1. For the charge dipole of segment A:182-251, defined by +1 on Lys and Arg C-beta atoms and -1 on Asp and Glu C-beta atoms about the Cα centroid, which residue among A:Leu247, A:Leu237, A:Phe217 has the Cα displaced farthest towards the positive pole?
2. Mind checking the mean number of beta-carbon atoms from other chains within 10 Å of the Cβ atoms in A:242-251?
3. At 7 angstrom along the Cα-to-beta-carbon line, where would the label on D:Asp301 sit relative to the other copies? Give the distances in nm, shortest first.
4. Quick one: divide the alpha-carbon radius of gyration of segment C:204-262 by 2.2 N^0.38 Å and tell me what you get.
5. Label points 7 Å out from Cα along the Cβ direction at C:Lys118 and A:Val117: separation in nm?
6. Taking the Cα centre of segment D:9-133 as the origin and placing charges on Cβ (Lys, Arg +1; Asp, Glu -1), which of D:Leu69, D:Ala124, D:Gly32 is farthest toward the positive end of the dipole?
7. Counting Lys and Arg as +1 and Asp and Glu as -1, what is the net charge of the other residues whose Cβ lies under 10 Å from the Cβ of D:Asp108?
8. How large a share of the accessible area of segment C:79-187, in percent, is made up of carbon and sulfur atoms when the probe is 1.4 Å and the other protein chains stay in place?
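The values are calculated or read from the model by the stated rules, or taken from the named source; none is laboratory data. Please read these numbers as outputs of a predicted model, since none were measured by experiment. Note: ideal-geometry Cβ built from the backbone for every residue, glycine included; neighbour counts use all protein chains shown. Accessible surface is based on the protein model in full, side chains and every heavy atom, while ligands, DNA and RNA are left aside. Shrake-Rupley method; radii C 1.70, N 1.55, O 1.52, S 1.80 Å.
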Protein chains: 4
Amino acid sequence: MNFRSDNEVGAHPAVIAAVGRAFTSGSAFSYGADEWTQRVERRLREVFDKPDLVAFPVVTGTAANSLALACCSPPWGAIYCHPMAHIAAEETGAPEFFTAGARLFRIDGAAGKVDAVKLAAALAQPVYGVPHFAQPAAVSITQATECGTVYGPEEIAAIATSVRRHGLKLHMDGARFANALAYVGCAPAELSWKAGVDVLSFGATKNGVLAAEAVVFFNPELARDFAYRSKRGGHLLSKMRLLSAQLDAYLADGLWLDNARHANAMARRLVAGLTTLSGTALLYPVDANEIFVVLPARVQDALQEAGARYHPWPSDRPGERAYRLVTAFDTDPADVDRFLSIAESA
Amino acid sequence: MNFRSDNEVGAHPAVIAAVGRAFTSGSAFSYGADEWTQRVERRLREVFDKPDLVAFPVVTGTAANSLALACCSPPWGAIYCHPMAHIAAEETGAPEFFTAGARLFRIDGAAGKVDAVKLAAALAQPVYGVPHFAQPAAVSITQATECGTVYGPEEIAAIATSVRRHGLKLHMDGARFANALAYVGCAPAELSWKAGVDVLSFGATKNGVLAAEAVVFFNPELARDFAYRSKRGGHLLSKMRLLSAQLDAYLADGLWLDNARHANAMARRLVAGLTTLSGTALLYPVDANEIFVVLPARVQDALQEAGARYHPWPSDRPGERAYRLVTAFDTDPADVDRFLSIAESA
Amino acid sequence: MNFRSDNEVGAHPAVIAAVGRAFTSGSAFSYGADEWTQRVERRLREVFDKPDLVAFPVVTGTAANSLALACCSPPWGAIYCHPMAHIAAEETGAPEFFTAGARLFRIDGAAGKVDAVKLAAALAQPVYGVPHFAQPAAVSITQATECGTVYGPEEIAAIATSVRRHGLKLHMDGARFANALAYVGCAPAELSWKAGVDVLSFGATKNGVLAAEAVVFFNPELARDFAYRSKRGGHLLSKMRLLSAQLDAYLADGLWLDNARHANAMARRLVAGLTTLSGTALLYPVDANEIFVVLPARVQDALQEAGARYHPWPSDRPGERAYRLVTAFDTDPADVDRFLSIAESA
Amino acid sequence: MNFRSDNEVGAHPAVIAAVGRAFTSGSAFSYGADEWTQRVERRLREVFDKPDLVAFPVVTGTAANSLALACCSPPWGAIYCHPMAHIAAEETGAPEFFTAGARLFRIDGAAGKVDAVKLAAALAQPVYGVPHFAQPAAVSITQATECGTVYGPEEIAAIATSVRRHGLKLHMDGARFANALAYVGCAPAELSWKAGVDVLSFGATKNGVLAAEAVVFFNPELARDFAYRSKRGGHLLSKMRLLSAQLDAYLADGLWLDNARHANAMARRLVAGLTTLSGTALLYPVDANEIFVVLPARVQDALQEAGARYHPWPSDRPGERAYRLVTAFDTDPADVDRFLSIAESA
């Protein structure tokens, strides 16, 4: 009963097997000139229905986000995001590092989503071309958000309208993009470039691969300098197939969406059970695979005693104790049911 | 008959299997708190006979070198290395990026090795404490060198003497450390910290793993800020076991040295055959697994026609055409013999 | 009747004369080894009653703030300040540039002052030593604030308590330190290091010199790398006496405080007159030499027609129009009286 | 008899007077919107016969060089210069800092000048578009060089040919541009943009002003981001007239060239006398206002005893002792004659 993080789980057998095959099938061109890397790009072009997109595998989400943002913002740029965004609340200055000093501005909003009206107001300030001010360069939104909620296409488009009006770029941190897409149920294009996204950190690590993400540029012009930035960041693998073989298998036969659907279903199953219990309350709607829930002390104590694992989460209301539960591609329904059974008996 | 690069080969089955096991054995703590990462550090402590060393897996040699150097040099530091050093001739400003602007100074020397006397002269210049000058901070040597030669312990010690005298740090780019060690035949400690090395980029990618290196700090104090630097560089993997499981298998049962010994032996076998041919000449002694050799046109033509693959290499003498041949952990002796047979018949 | 900015005024004759003398009195040692630079440090030691302080002249406030903060924060550091702080709202990423990527966190508070309770809460978060988070490194407060208000010694001390508890450094952006000191009326030490300030950007440009500031380290250990940072930022003047001669004259005979007292007195004179008019309202208390005031349309129109100059200022209340008036060391009382007379007649 | 440096001398009375007038003539627009700054740009357009040039005053040569190069090179760029170039031998990583990590490559050449043939060979290497290599971005030459020699227009053009062929930019560090121009005697345009220079660090500090340089972009497109770079480097003065008033007077009535001619004449006068003495030898031709000369011990001892001041200079030949003598705009011919008289009597 480990619901700590989708970072802690293993990998799907099909992905593991693909890596094994890639490294026992003889030599391959280095630095991404191999067949797997090329096939990943082709697959992403098909998945996103965008024949000119450009994609690069990287080993972490921090690298994906930071490299993507560095392609969107000059060193004197301003990047707007939600205060809870991973790039702003964690990542230890990685965007600042890769952009050579861009400045983060935080735009609040309910349930982890950037408020489009507040963003519009921030971007309307008369700072353009004035050397005293960081120059608005990019907006970054997280999909699914750090609160487990999901932006719908129209919510993205509302943000993109301000982004476009002022000539900025729109980045999406899609560490849980698959879970978001599985929730919305639309085409990948609808939830990304058709809604106005310029560059996507396409997550896979949390959804069944060993460790791999892709930076997907829907606007290929933005990718012009990516290779230099990646190389000097130490992110151009000589044996790039390690990442590409994972993504190749992840994208084949819809594995990525199957994995996400399962994780989301397990979250819904948990929520369905938990919300029937007295004293529980959800902090946010559960759109994807993360649950933020207030648990009464009796439930918490019983679960801890039974060995269930999950993280506490700050609650705004004094005396209340909230927790985060995360499901994953391999969450066992039996674990969910056992968890709920313990909680119900508490 | 692919002798292009030890970057292009696959991985040892034991390493592949270890990765598979690591990702099918249930959940693991994230960000390097897992058992594999801890075991890798223990193994390195044993291998190097240094119970207080600190080690961090990273995904590329560029990351290893740049992060190591950033721990050795302030932004206003000077880093000394051979003009052919990978950090100076390639890597696209990665050391400058990670150090926030340190300056490279190139110290020439025969066969890819920093000349200890020239280094001593450079470090003796009266720049210490004078704000007009980049402050000497680190020396970086490559083992084996970019010319395929190997520093012996006493050669390292001669460099380390100057390094110590002026309070600098000594970094070793050990992308092919195993091949160097297999050549010298001493204990790992003799070729590293006992000779004066403070921090080692411990290569594995070129020697039988999928993609993994380790930054090994013999001086643990130097590692104090590594985690922050690594995180903001996008090099702290949530599923770190991807790298650690490789290194764990690589270090187990002497696999790393067996692989290197094989690669070196294949290089010697190639050299033994090639040097019997008229018109050939070695550019440098062949200590490790790289051969830099002048081939007469008839030999080159015959090899190309037979499908042998290797890179041209700049030669200083007009009219002469030189090439680089690299052997690897999995080089087939039959391929070597076939290569030589074609060359001999040309 | 120019009340646009204390940046737009000239310089005090004594300062101009001192510069002239410095450059007609023969040769001088370069790069700050001259007598003026040394005398400025001595004067500051006396003024602040701190014999071990270390001071460096620089040419702009942006340089002073950024260099000071770079001495307080590593590249992965977090710097806390008010959202209106010049370093956060303007300065175009200069602190990020000089620190090599430190991250700004904004702590709100009334009238331009960092709220000590909110700061304490922010600094109490469990991020220390965790590589996912920017490491709390410095707090920066502005004296006088961007709202023209002044922190008293006890307000600074309240902030410094949190700063000390967590091992951070306290920076004061003292672009208008003289005006603040003139308002409080205490000893310079009381408003700086005795209250917990580690490093002060000691402003002079806005208070009667041509262009010069000083970075004053009360904690000399913090200044260890200043010279390298300054040099590589292009801020080590070969003819440093250009700045030092200004500061020397500025500090001599209390000129700096006389200038500030005059500016503050002119602000009070303006306020006294304006607040008697119907329809006016102050946005903030007028502690120093800046006035933020709501003016009724009739007054605004009359003043504009008469050629008075000052900037509009954003007001939170719809329909209300606010303005900023700034007085300076050379504000003519007759100008103030004429301004008030026009306003009263409107 | 101070021949240590043109950094140590005072300023021309006309420049001092202009600064005084600028700061006693009432208020002025801040941040370079003042009349002096605009007039300086107009004057430079006339002087260089280039109506579309764009110019920015800065306070140091390090700032001028670093900001200029940052406008020419991306963070992954390569900058080529002579090993003795101030940007490479001193300046403590300032170009690396402002470019966010560009890499310096040193191209040797006689008498402090970049060898055009070696440069052409370096730029012909097949690194363009290959992410493993720093991308050739700019060449920087120093005029007059660190050896006191001067590039003629055709020497600059030879370098510019390679620069143009490969799409790089040509920067000139003109800390002593006036001295070089006075030596060559051509039009300023001939020695700069007509010979292929894209951006010039136009020195004044060493030639009679207090402290001021200008970054002169002959290619205005290159200047697009200058204001942001300058601001975040702390180089956008609120009271910019401090710098501009100096440059305005410096450029008026040919003062800049008169000053340089005088300094050069004094150098020639020194050389004429010194070279008649037995045991002396010039290290380099004396084109501008710097003399690098071997002095016999008897001469050196006599001069030291008489209080003459100048710096030792490294000599390549063992046993030989060389020195650097620098003349300036205000060098007194009587001092020169006295110096020579002492040397002759030794």
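1. A:Leu237
2. Numbers: counts 11, 4, 0, 1, 1, 0, 0, 0, 0, 0.
Mean shielding count: 2.
3. Taking the point 7 Å beyond Cα along Cα→Cβ, the inter-copy spacings are 7.3, 9.0, 9.6 nm.
4. On the way: Rg = 13.3 Å, N = 59, 2.2 N^0.38 = 10.4 Å.
That works out to 1.28 for segment C:204-262.
5. Distance between label points: 2.1 nm.
6. It is D:Ala124.
7. Numbers: positive: D:Arg106, D:Lys113, D:Lys118; negative: D:Asp115.
Its environment carries a net charge of +2.
8. Values: 1860 of 3170 Å².
In segment C:79-187, the share of accessible area belonging to carbon and sulfur is 59 percent.
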